[in-house]
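See structure below.
Taken together, the values in this text are just the output of simple stated rules run on the coordinates, not laboratory data. This one's a predicted model, so the numbers in the text were calculated from it and none came from an experiment. Every residue, glycine as well, gets a Cβ built from its backbone with ideal geometry; the counts of neighbours run over all protein chains shown.
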């Protein structure tokens, strides 16, 4: 693989990250409105993104490894690339900067979305506990008794 292939792969990573940042921004409204189907679709889309970005990252590492091997090196740095191919190294450096920025934005969005999801979980648990409260009875050892499988209407 050539340096052009490495640049192409890094651009694909950048574009995938940009799309995922947009999708994560849209997740806020889905989390707030508790749209289950949309949440599951977003989870599937994130899994696809994770797999694709892993594949692209590994391919980029191989491409850069090939570039280093062409020069008789084991590894390659941006500084070395700048000495070998200044224009291509500048392109790669620029795309890497965008990838770092998008990665930080995605991490920030994920943290915020996780807080929203945890709040939603608290509300759901509270709602469910009001629908089916735990028994207030205690056993001989002071622990709460497990609820029976039957309902009150079945016992009557």
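Check whether at least one residue in the range 50-67 is closer than 22 Å to residue 120 by Cβ and buried (at least 17 other Cβ atoms within 10 Å of the Cβ), and report yes or no.
Among the residues of the range 50-67, not one is closer than 22 Å to residue 120 by Cβ and buried (at least 17 other Cβ atoms within 10 Å of the Cβ), which makes the answer no.
Go through the range 39-70 and count every residue that is more than 18 Å from residue 99 (Cβ to Cβ) and under 16 Å from the mean Cα position of the chain (by Cα).
Total meeting the criteria: 9.
Would it be correct to say that residue 91 is under 22 Å from residue 18 (Cα atoms), free of Cβ contacts under 8 Å to residues at least 40 places away in the same chain and either surrounded by 14 or more Cβ atoms within 10 Å (Cβ to Cβ) or within 29 Å of the chain's Cα centre (by Cα) (or both)?
Numbers: under 22 Å from residue 18 (Cα atoms): yes; free of Cβ contacts under 8 Å to residues at least 40 places away in the same chain: no; either surrounded by 14 or more Cβ atoms within 10 Å (Cβ to Cβ) or within 29 Å of the chain's Cα centre (by Cα) (or both): yes.
Against the criterion (under 22 Å from residue 18 (Cα atoms), free of Cβ contacts under 8 Å to residues at least 40 places away in the same chain and either surrounded by 14 or more Cβ atoms within 10 Å (Cβ to Cβ) or within 29 Å of the chain's Cα centre (by Cα) (or both)), residue 91 does not qualify.
Looking at (1) crowded, with 16+ Cβ neighbours inside 10 Å; (2) touching a residue at least 40 places away in the same chain (Cβ under 8 Å), which one does residue 30 not meet, given that it meets all the others?
Going through (1) crowded, with 16+ Cβ neighbours inside 10 Å; (2) touching a residue at least 40 places away in the same chain (Cβ under 8 Å) one by one, residue 30 breaks only (2).
Looking at 105, 85, can you tell me which residue is surrounded by 12 or more Cβ atoms within 10 Å (Cβ to Cβ), touching a residue at least 60 places away in the same chain (Cβ under 8 Å) and farther than 30 Å from residue 47 by Cα?
Numbers: 105 fails: farther than 30 Å from residue 47 by Cα.
Going through 105, 85 in turn, just one is surrounded by 12 or more Cβ atoms within 10 Å (Cβ to Cβ), touching a residue at least 60 places away in the same chain (Cβ under 8 Å) and farther than 30 Å from residue 47 by Cα: 85.
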